[in-house]
Each structure stands twice: as C-alpha cells, then as structure tokens.
Amino acid sequence: ECAFSTQISHAIYCMVVDGVGEIHDKRRPLRSGAGTFNKILENIINAPKFNGRFLFRVSFDKNNLKDVKKLLSYLSELNITNEYDVYLAPIHNTISQECQHCSFCSLNIYNEDNEIIKNYKDLYCYMKGLNMKIPKFYTNGPCMSVSNDSVLIDYEGNLFKCVEMIGIDNLKIGNVKDLEYNNNYFNFVGNPLYENCVRKGCKYLALCGGGCIMKSYLKDKTLNNIDCQLRYFEELVPFFLGVNYDE
C-alpha cells in the first residue's frame, strides 16, 4: 500500500508496513496471494538519492503488536540512503468492517483509548532507544474531509472526501466527469465542525482540525458530530515533549 505526493519537487513516498516478512505478507498480500514486504524494502534500499523522503506507516493492533518492535528494530538497521520517517497508527474499523462483526479488524482493534495511548508511549520510547527520530508533538489531523481540493477517487471515478466514505453513495461529492462538485463538497468544506472547537477555545485545534468525522459516523451514522481526540493530545503532547526535550 503506497501513496505518492509532490510539492515543489519534494516527493514523499508513504508505505504501510505491519511487521517483518510473513507477518506483513499475511496482512497485506497481493490479490494473487503473493507477499509484498520484500519488494517494498527492495525498492526502498535500491532507490537512488532524490529530493524527498520515505514515510513508513507502522500499523498496530492486538494481532501484531508483539511483532512491531521487531519491525522497528529491523527498519533501524536498514541501509536507506534517502531520508525517512516512521510513524505509528492503530488499526481502526471502516464502514465495511463495522458491518462484519467477526471480521479481522473487528476482532483485533483496540477499543479503549487508554490501551492505544499506552502502546503509543511504549513503542515510541522503543524507537527513541533505537536512535530513531520520533515526533516532537502528537497530531491527528486536520482531516482531509474539511480541506479544499482533497479528494479520493474510486474505480468508477466517483469522488469522496475520505477513504471511509467510498461506497456510500449519499456521501459522494461528484465524479471525475463532472464540471463541478456537488453540494456535499461545500457542506464538508464550507461548514467545518471545528468551529465548535474554536468556540470552546481548544488549544489543540491546529493539530486536530476538529477530530474525525467518520469515527462519529461509525457510531451514530451522522456527520454532525466529531470524535474528540482531546484525551490523546493531553496525554501524548507532554509525552513527546518530555521524550524529545527532557534533557
């Protein structure tokens, strides 16, 4: 799984890795069933020097948590000539997974905030011990659903504001063949829910942007509420400051 973006000739290649070797391959195989881990790492190691960096997203849940430290240690020892960053992200449910209560994701996600926060702290401390760069503060947004001209395109050319919205027809903002976005686009961008956070005076607004709309949608099927991340910011921002600047 890979994303690519450019800005003024500066490229960011984003790869999702869930473990070393067969751990990753079992979770993210090709349609044929073949693995992807070795090819991802081969491409990274053999990549020529360029004006950009690699970004590893290391996903964790109850199923692979014990293997994540092995992966971090493995990445720290690679001979990567380009700059790279690693960030951690807990696996969470999607609309389709929510409808399949016995699905892999439903059975293995962390539902308790305190569990996720504890794992964040433990894994980032482990990274620091490996002399790997870790974030200087916690951020979880702003969400692309409230950002101008940020869209996702499905295989039929339909446009959505979030990957979790793909397949939900009433949340489409248009199609690549359309000359203009539909009203859904302006409902997302023109009336962002973070205005409630502005009124409350939340000091983490710039790092959050109002929370995750789709997490709220998973709970009550409405886009009028946000899933507030305040507890994460209150716990993790001081943690990152302490780990990075305690000396």
### Query
Of everything in region 110-132 that's part of a loop (DSSP other than H, G, I, E, B) and modelled with pLDDT of 90 or more, which residue is nearest to PHE56 (Cα to Cα)?
MET132
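Results for (1) over 29 Å from ASN64 (Cα atoms); (2) touching a Phe, Trp or Tyr at 6+ places or on another chain (Cβ under 7 Å); (3) aliphatic (A, V, I, L, M), shown as yes or no for each residue.
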| site | (1), (2), (3) |
| --- | --- |
| ILE117 | no, yes, yes |
| TYR126 | no, no, no |
| MET132 | no, no, yes |
| PRO135 | no, yes, no |
| VAL146 | yes, yes, yes |
| ASP169 | yes, no, no |
| ASN187 | yes, no, no |
### Complete set of residues in region 29-62 that are under 21 Å from ILE91 (Cα atoms), open to solvent by less than 60 Å² (accessible area, probe 1.4 Å) and outside any strand (DSSP E or B)
GLY35, THR36, PHE37, ILE40, ASP61
### Query
Which one of the conditions (1) open to solvent by less than 30 Å² (accessible area, probe 1.4 Å); (2) in contact with an Asp or Glu (Cβ under 6 Å, 6 or more places away or on another chain); (3) modelled with pLDDT under 80 does ASN93 fail to meet, given that it meets all the rest?
(2)
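From TYR126, TYR110, grab the single residue that is in contact (Cβ under 8 Å) with a residue 12 or more places away in the chain, open to solvent by 70 Å² or more (accessible area, probe 1.4 Å) and of a type in the set (Ser, Thr, Tyr).
Matching residue, one of TYR126, TYR110: TYR126.
The values are calculated or read from the model by the stated rules, or taken from the named source; none is laboratory data. The structure presented is a predicted model; accordingly, all values stated were derived computationally and were not measured. As a convention, Cβ positions derive from the backbone with ideal geometry for all residues, glycine included, and neighbour counts pool all protein chains shown. Remember, those area values only see protein heavy atoms, side chains included, never the ligands or the DNA or RNA. Shrake-Rupley method; radii C 1.70, N 1.55, O 1.52, S 1.80 Å.
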